[in-house]
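Inspection log for the structure reproduced underneath, given as structure tokens.
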Amino acid sequence: CLMFCLVGFAANHPSKLLDLNSALLSICFMLFLGFTDDVLEWPWRYKLFLPSVASLPLLCCYEGSRSVVVPIPLRTLLMNDGELTRFGRLLCHLVVVDTNADGSIINLGVFYLAYMGLLAVFCTNAINIYAGINGLEVGQSYIIGCFVLFHNLVEIHAGSLSGENHLFSAMVMLPFLGVSLALLRHNWYPAS
């Protein structure tokens, strides 16, 4: 089902073909990782490293913003009265502090990609840690997927500028939710 949805999406949006292929490659690598973990019982040191390798296709084709918004209480650490502070000047050696935005935006550059790779490791292990409790792992995944789909639908309905990206995300979420719901039915206590 996922393949048909994504192939239909790529036929209508050829500019998103690279995103589609990288998403499918990452999904397939994570499926392979999950299968080999069940069969070979990987030690935790591999479970910490391999999800970041699986996220590499997504990180390589990422063309979006690498900037983050600095929380309001921390902005005075970077700029004060229109001038960079000592910490702000030190930070400028690693990242770009937007002085026009009064220090409220930082462009992390390559550090953003490293952060996203580490976030992939955290997310996969945060879900996988509940693997031994009936229904909790897939239930958590289902609830997160429902909220991601809800967010995508709200953004599509509002006519967001990134509507194609939200449509792509919704097309990935729909089959994920269907499979997760079926798994939840069989994984509910007592698991069958």
>> Rounding to the nearest 10 and keeping the result within 0 to 90°, find how far the Cα-based axis of helix 110-128 lies from the longest principal axis of the chain.
In response: 30 degrees
>> Viscosity 1.567 mPa s, temperature 4 °C: give me the Stokes-Einstein translational D for the stretch 1-150 in µm²/s, with Rh taken as the Kirkwood radius over C-alpha pairs.
In response: 70 µm²/s
> When only the heavy atoms of the protein chains count and the probe is 1.4 Å, how do 102, 38 rank by accessible area, highest first?
Replying inline: 38, 102
> On a 0 to 90 degree scale, rounded to 10, what angle separates helix 2-12 from the longest Cα axis of the chain?
Replying inline: 50 degrees
> Got a number for the accessible area of residue 166? Probe 1.4 Å, square angstrom, nearest 10.
Replying inline: 30 Å²
>> Helix-only estimate, please: 222 nm mean residue ellipticity of the chain, summing -39500 (n - 2.57) across DSSP H runs of length 4 or more and dividing by its residues, to the nearest 500.
In response: -21500 deg cm²/dmol
>> Helix 163-187 against the longest principal axis of the chain: what's the angle in degrees, Cα atoms only, rounded to the nearest 10?
In response: 40 degrees
> Considering only protein heavy atoms, what per residue accessible area in square angstrom results for the stretch 22-90 with a 1.4 angstrom probe?
Replying inline: 71 Å²
> Can you work out ³J(HN,Hα) from phi for every residue in the stretch 136-148, in order, using Karplus 6.51 cos²θ - 1.76 cosθ + 1.60 and θ = phi - 60°, giving whole Hz and x for Gly and Pro?
Replying inline: 6, 5, 6, x, 5, 5, 5, 5, 4, x, 5, 6, 5
>> Suppose accessible area is computed on protein heavy atoms with a 1.4 Å probe; arrange 173, 30 from highest to lowest.
In response: 30, 173
>> Can you order the peptides 53-59, 40-46 by their average number of other Cβ atoms within 10 Å per residue, highest first?
In response: 53-59, 40-46
>> I need the P(r) histogram for the stretch 70-171: all alpha carbon pairs, bin width 5 Å from 0 out to the longest distance, whole percents.
In response: 2, 11, 13, 11, 13, 15, 14, 12, 7, 2, 1, 0
>> So if each residue of separation counts as 0.36 nm, and I subtract the Cα-Cα distance between residue 35 and residue 129, what length gain in nm does that give?
In response: 32.2 nm
>> Accessible area of the chain with a 1.4 Å probe: how many percent of it is carbon plus sulfur?
In response: 70 percent
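The values are calculated or read from the model by the stated rules, or taken from the named source; none is laboratory data. Computed from a predicted structure; not experimentally measured. Note: ideal-geometry Cβ built from the backbone for every residue, glycine included; neighbour counts use all protein chains shown. SASA here: full protein model, heavy atoms, side chains in, ligands and nucleic acids out. Shrake-Rupley method; radii C 1.70, N 1.55, O 1.52, S 1.80 Å.
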